[in-house]
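Here the structure comes first, spelled out in structure tokens, and everything after it is commentary.
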Amino acid sequence: MKQDSWRENLRVRWQKIREEIPATVRLIAVTKTVGVETIKLAYQEGIKDFGENRLQDATPKQEQLKDYNDICWHFIGHLQTNKAKRVVECFSWIHSVDSLKLAQKLDEYSRQAKEAGRIADYSQVCLQVKLLPDENKYGWHPQQLWQDLDSLQSLSHLHFRGLMTILPLGLSQEEMFSAFTRLRELKEEIRQAGYFDDKFDQLSMGMSDDYKLAIKAGATMIRLGRILFHEAYPLP
Ligand SMILES: *Cc1c(COP(=O)(O)O)cnc(C)c1O
């Protein structure tokens, strides 16, 4: 009974969101607050991209889901360098690369893991940018990122795919839209300056509260948790 209502709830939520967003936008279901049974229901509804923000919470779930081998796992949380090796091995995408030092570690671990056959391809990474002051969030200030781009570009065992951001709480709709737009512009400026390649085309931005604005501003990946999995969250 509980499972059935959960499934129905998820199905309605997912279908509504899918209907209203462009088919090109990749929807990542953030499962940090739910268990394996719910992830299985989501999978049965067609969701293949799952996001987790803590390695120690994610790996037991991944272990139980290892037969679901077409799941694509996305790491979206702040990453300490001592966990970077495992994250490379357990996640295809890392959205939250927020320092040069971390990128250098990931590059080395990605090289080692690929050489040893523990991963099929180098890690796909996004660079996390902090557009507005927020002491609770990590990420490059845009000026710092510009300074690090030469060094980042020299790391040849990562696929640099784009930028990611998380906005501070309490912004108006206009402020959110303008911040998301700045992230898109920053990505375009980085490409125009000749960094990376045309696969550097992703914008990972937008969560339950702000994904519509993020899509309007050009998001290519949205990361949704509560709107999919919390019955108390209003329907889209
Ligand atoms: C939890 C989390 C999300 C999902 O947030 P909701 O508001 O629940 O949709 C997205 N991105 C990151 C980095 C998160 O930690």
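What number of residues in region 15-28 are among the basic types (K, R) and assigned to a helix (DSSP H, G or I)? So the count comes out to 2.
So that you can scan it fast, the table gives a plain yes or no per residue for (1) within 13 Å of the ligand (Cβ to nearest atom); (2) open to solvent by 30 Å² or more (accessible area, probe 1.4 Å):
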| position | (1), (2) |
| --- | --- |
| D150 | no, yes |
| S156 | no, yes |
| R184 | no, yes |
| E189 | no, yes |
| F200 | no, no |
| I222 | yes, no |
| L235 | no, yes |
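Annotation note: of T31, T59, the sole residue that is in contact with a Phe, Trp or Tyr (Cβ under 8 Å, 6 or more places away or on another chain), farther than 20 Å from Y138 by Cα and among the β-branched types (V, I, T) is T31.
Tell me, which helices (runs of 4 or more DSSP H) lie completely within region 140-236 with 1 or more residues that are over 18 Å from R26 (Cβ atoms)? Explain how you work it out, then say what you get.
Working: elements: 142-153, 173-192, 211-216, 226-229.
Once the helices (runs of 4 or more DSSP H) in region 140-236 are filtered for at least 1 residues that are over 18 Å from R26 (Cβ atoms), what remains is 142-153, 173-192, 226-229.
Looking across region 69-112, just one residue is touching a Lys or Arg at 6+ places or on another chain (Cβ under 6 Å), of a type in the set (G, A, S) and more than 16 Å from the ligand (Cβ to nearest atom), and that is A84. Screening W14 with (1) away from the ligand (no atom under 12 Å from the Cβ); (2) open to solvent by 70 Å² or more (accessible area, probe 1.4 Å) gives one miss only, at (2).
Among residues of region 43-71 that are touching a residue at least 12 places away in the same chain (Cβ under 8 Å) and over 26 Å from I17 (Cβ atoms), those with a beta-carbon under 8 Å from a residue that is within 16 Å of the ligand (Cβ to nearest atom) and open to solvent by 40 Å² or more (accessible area, probe 1.4 Å) at least six positions away or on a different chain give the pairs L55/K83.
For region 36-68, which residues satisfy the criterion of being under 19 Å from the mean Cα position of the chain (by Cα) and open to solvent by 10 Å² or more (accessible area, probe 1.4 Å)? It would help to see each step written out before you state the result.
Initially, region 36-68 is screened for residues under 19 Å from the mean Cα position of the chain (by Cα), giving 39, 42-43, 46-59, 61-62.
Residues satisfying the conditions are Y43, G46, K48, D49, N53, R54, L55, Q56, D57, T59, K61, Q62.
The values are calculated or read from the model by the stated rules, or taken from the named source; none is laboratory data. Every value quoted in this text rests on a predicted model; they were computed, and no experiment measured them. Neighbour counts run over all protein chains shown; Cβ positions are idealised from the backbone, glycine included. Accessible surface areas use protein heavy atoms only, side chains included; no ligands, DNA or RNA. Shrake-Rupley method; radii C 1.70, N 1.55, O 1.52, S 1.80 Å.
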